[in-house]
Amino acid sequence: ASTAMMGQEAKGPKVERMTVFGAGLMGAGIAQVGAQNGLKVVLSDVTDKALENGLTIISKSLARIAKKKQPDDIEGFTKAVMKNIETTTDATKAVENADLVVEAIIESLKVKRDLFGLLDKTAKESCIFASNTSSLSVKEIAESCQAARREKFAGLHFFNPMKLVEIIRTSETSEATFQALREVTVQMKKSPVSCKDTPGFIVNRLLVPYMLEAIRMVERGEATPEDVDTAMKLGAGYPMGPFELLDFVGLDTTSYISQGWAEKAEQGLISKELVQPIPMLEEMVKEGRMGRKSGKGFYDVSHDSC
Ligand code: NAI
């Protein structure tokens, strides 16, 4: 009987209704994959304009998918998915029936904590809370909630449109919560991996220092961005070189992450050598050379290999 009980525990509660906070690039993408894969989704943001923006992102993306999957009835495909998405600017109403909350709002510890603190009081006891943060500590966000909720709190870090989702377990995240999140990410046709609540989780912890070292290499005059990119594509089999990737991610975002990590290094959570400041990066950001979003980074936007 105890094995059966353990089996039951390991399965985790079933998620049928998901509420996504933040209708930006990430939130819209997460709402879309949920709605496409059988979840009832509520999308919430602070203004109607932001919600409209999110719905436009979703319907454009669905039309692109329908063109491949169901070219005869693009509108039918889009409508069937959109039927699963409701929107509201009322945060309390948004979580009324939610089994899972996924937060994808701005990357600010204070704003995220304020939101979760409010939701903790209004969501059902069984509702799981997840944050899509890339660079904040999940545990520090979860501290805005009562102890009972902190067991049901984890990071759920999406890489839209790619398949990976990192599930970040804090020291308090329960096994049932982790399993429920695994199941729902698989239902959303994503591939989950599990990791602890450390700076950068898995992907960014390896990728950011690699990109930073590539900039240092160019700063020291050892190679050009073009040659480094060619070398990593042809020599290491990477689909993009580090400078193409930097332009894609945004130099401002990379600088922001490395500055956040410098603070973590002070706390001994990551080694100091990895996050040494890079004058070249800061200079480029100051000049507005952010990468693709500003039309110029290491490459001009006309550079079309990424
Ligand atoms: P975004 O700036 O496109 O969208 C953020 C949205 O959140 C905006 O629509 C804004 O109005 C809304 N918002 C702000 N405060 C809110 C509140 N209190 N309640 C409800 N909505 C609120 O940002 P993006 O790029 O979608 O990022 C969102 C989160 O996802 C951040 O935590 C970011 O670090 C994380 N992330 C971003 C990735 C990326 O490639 N952009 C990748 C993985 C994670």
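The values are calculated or read from the model by the stated rules, or taken from the named source; none is laboratory data. A quick note: this is a predicted structure, and the numbers were derived from the prediction, not measured. Here the Cβ positions follow ideal geometry from the backbone for every residue, glycine too, while neighbour counts run over all protein chains shown.
From the list 65, 85, 57, the one residue that fits, being within 11 Å of the ligand (Cβ to nearest atom), hydrophobic (A, V, I, L, M, F, W, C) and closer than 22 Å to residue 185 by Cα, is 57. The set of residues in the range 172-209 that are without any contact (Cβ under 8 Å) to a residue 40 or more places away in the chain and among the hydroxyl-bearing types (Ser, Thr, Tyr) comprises 173, 174, 185, 191, 194. For the range 195-246, the set of residues classified as exposed (fewer than 15 other Cβ atoms within 10 Å of the Cβ) and either β-branched (Val, Ile, Thr) or not in a helix (DSSP H, G or I) (or both) consists of 196, 198, 220, 221, 222, 223, 224, 230, 237, 239, listed by residue number. The set of residues in the range 140-166 being within 12 Å of residue 112 (Cα to Cα) and either assigned to a helix (DSSP H, G or I) or not assigned by TED's automatic domain parsing to the domain that holds residue 103 (or both) consists of 140, 141, 142. Cβ-Cβ contacts under 9 Å between residues 6 or more apart (or on different chains), taken from a first residue in the range 35-46 that is over 11 Å from residue 86 (Cα atoms) to a second residue that is aromatic (Phe, Trp, Tyr) and in a strand (DSSP E or B), are listed as 45/21.
The residues of the range 289-304 that are surrounded by 12 or more Cβ atoms within 10 Å (Cβ to Cβ) and either polar (S, T, N, Q) or not in a strand (DSSP E or B) (or both), listed by number, are 289, 290, 292, 293, 294, 295, 297, 298, 299, 301, 303. Here residue 104 meets the list (1) touching an Asp or Glu at 6+ places or on another chain (Cβ under 8 Å); (2) within 30 Å of residue 65 (Cα to Cα) almost entirely, failing just condition (1).
Looking at the range 167-220 only, could you name the residues that are among the aromatic types (Phe, Trp, Tyr) and either under 18 Å from residue 249 (Cβ atoms) or outside the structural domain of residue 29 (by TED's automatic domain parsing) (or both)? Once the filter is applied, which keeps residues that are among the aromatic types (Phe, Trp, Tyr) and either under 18 Å from residue 249 (Cβ atoms) or outside the structural domain of residue 29 (by TED's automatic domain parsing) (or both), the range 167-220 yields 201, 210. Within the range 118-143, residues that are within 12 Å of the ligand (Cβ to nearest atom) have Cβ atoms under 6 Å from residues that are modelled with pLDDT under 95 and not hydrophobic (A, V, I, L, M, F, W, C) in these pairs: 135/260, counting only partners at least 6 apart in sequence or on another chain. When the residues of the range 34-49 are filtered to those that are surrounded by 18 or more Cβ atoms within 10 Å (Cβ to Cβ) and part of a helix (DSSP H, G or I), the one that is nearest to the ligand (Cβ to nearest atom) is 34. It is to be established whether one or more residues within the range 261-268 are surrounded by 20 or more Cβ atoms within 10 Å (Cβ to Cβ), within 16 Å of the ligand (Cβ to nearest atom), under 29 Å from residue 138 (Cα atoms) and not assigned by TED's automatic domain parsing to the domain that holds residue 162. Yes, some residue in the range 261-268 is surrounded by 20 or more Cβ atoms within 10 Å (Cβ to Cβ), within 16 Å of the ligand (Cβ to nearest atom), under 29 Å from residue 138 (Cα atoms) and not assigned by TED's automatic domain parsing to the domain that holds residue 162. Within the range 66-109, the set of residues being under 29 Å from residue 179 (Cα atoms), in a helix (DSSP H, G or I), without any contact (Cβ under 8 Å) to a residue 60 or more places away in the chain and not charged (D, E, K, R) comprises 80, 81, 82, 92, 109. Taking the range 8-33 as the range and being out of contact with any helix residue (DSSP H, G or I) (no Cβ under 8 Å at 6 or more places or on another chain) and more than 12 Å from the ligand (Cβ to nearest atom) as the test, the residues that pass are 8, 16, 17, 33. With 111, 95 as the choices, which residue is assigned by TED's automatic domain parsing to the domain that holds residue 167, near the ligand (Cβ under 8 Å from one of its atoms) and over 17 Å from residue 28 (Cβ atoms)? That would be 111, the only listed residue that is assigned by TED's automatic domain parsing to the domain that holds residue 167, near the ligand (Cβ under 8 Å from one of its atoms) and over 17 Å from residue 28 (Cβ atoms).
When each of 147, 180, 142 is tested for being touching a Pro at 6+ places or on another chain (Cβ under 9 Å) and not hydroxyl-bearing (Ser, Thr, Tyr), the lone residue that passes is 180. Selection of the range 164-190 for residues being within 16 Å of the ligand (Cβ to nearest atom) and surrounded by 16 or more Cβ atoms within 10 Å (Cβ to Cβ) yields 165, 166, 167, 168, 181, 185, 188, 190.
Residue-by-condition table, conditions (1) surrounded by fewer than 16 Cβ atoms within 10 Å (Cβ to Cβ); (2) more than 15 Å from the chain's Cα centre (by Cα):
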| position | (1), (2) |
| --- | --- |
| 132 | no, no |
| 142 | no, yes |
| 145 | no, yes |
| 150 | no, yes |
| 162 | yes, no |
